[in-house]
Amino acid sequence: MAIPKQENQTQVAQPHSRLIRLIAIVLLALIVLVGLTILIIWLTIKPKKLVYYIDDGSIHGYNLTNGNHLDASYYFLLRAYNPNKKVSVYYDKVDVSVKYDDEVVSRGIINPFHQPKRNTTLFKLNLSSHDVTLSNEAARDLKVDRSSGRVEFGVNVKARLRFKVGGWKSRHYRMKVWCAPIMVHLSSSHNGVQRTTFQSVKCDVDI
C-alpha cells in the first residue's frame, strides 16, 4: 500500500516543481529586461561628468598657538555645474572638508538639493577650525606658508546622489570631488581679517 502513495506524491510534486521553475524564469526575464532597458536609456543619454570649481577663498581669524592648536574661519565659493540637457541630479547627502597637508582642519555639510538640467549652483562654504590639533610637521609647514604670504589648502566633497531622466531615477551613486591646490594669498590685514587675491581652481570629479 505504501508504493502507490509514493507515486501519488511524486505525481503531485512534479507540477509544483514546474510551476516554481516557470515563476523563476519569468522573474529572471523581467529582471534582465528591466536591466537592459535602463542600460539602453543610460547609453542613449550619455550623461556628461559633473563639473566643480572653487571660485573664491579666504581665511579669517587665523591663529596657530605654540601647542599646534589652530583656530581659523574659511570661506570658499564652490561652483557646481550640471552640463547635461536630459539629466538632473538629486544630492541626498553632501559632506565637505578642508585639508592642509593631508590633515582635516574643518568639516561641514551641504543640505540636500536637486540640481536641474544645465544648471549652475553656487555654494558659499563657511567653515571653521576650533582648537584643531595639527601634527608637528603640519604646524611647521603652516607657519612657513603663513610667513610667505600664501597658504595651500584642499577642499574635499563627498556626496551621495541620484540621476533623474524623465520619470526614472537611478540608484544611489557616490561622488568624490577633490579641489586642490587652493592657494589663498594673504595680503593686508585689518581687524584680524586677511584679505586675499584668488585664482579659480578646477576640481577632480569621480563618480
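Before moving on, here are some points about what is shown:
- Within region 101-153, none of the GluC sites (Glu not before Pro) combine a DSSP coil assignment with at most 15 other C-beta atoms in a 10 angstrom radius.
- Using a simple spin-label model with pseudo-atoms 7 Å out from Cα toward Cβ, His114 and Asn136 lie 5.5 nm apart.
- Spin-label zone in region 150-172 - amide nitrogen under 19 Å from a point set 7 Å from the Cα of Val205 along the C-beta vector: 155-166, 169-172
- Simple label model, 7 Å out from Cα along Cβ direction - Asp92 to His172, nm: 0.5 nm
- Packing-based exposure ordering (other Cβ within 10 Å, fewest first) of Arg171, Arg21: Arg171, Arg21
- Each Lys or Arg adds one and each Asp or Glu subtracts one; over the other residues with Cβ under 9 Å from the Cβ of Asp92, this totals +3.
- The residue list Ser128, Val104, Gly57 was ranked by how far each Cα lies along the charge dipole of region 55-135 toward its positive end, using unit charges on Cβ atoms, and Gly57 comes out on top.
- Listed from fewest to most Cβ neighbours within 10 Å, the set Phe198, Phe76 follows the order Phe198, Phe76.
- For region 51-206, the dipole from Cβ point charges (+1 on Lys and Arg, -1 on Asp and Glu) about the Cα centre works out to 1220 debye, to the nearest 20.
- Residues Leu64, Leu22, sorted so that the one with the fewest Cβ neighbours within 10 Å comes first: Leu22, Leu64
Quick note: the coordinates plus some simple rules give every number you see, no bench work behind them. No experiment lies behind these values; they were computed from the predicted model shown. For neighbour counting, all protein chains shown are included, and Cβ atoms are generated from backbone atoms with ideal geometry for every residue, glycine included.
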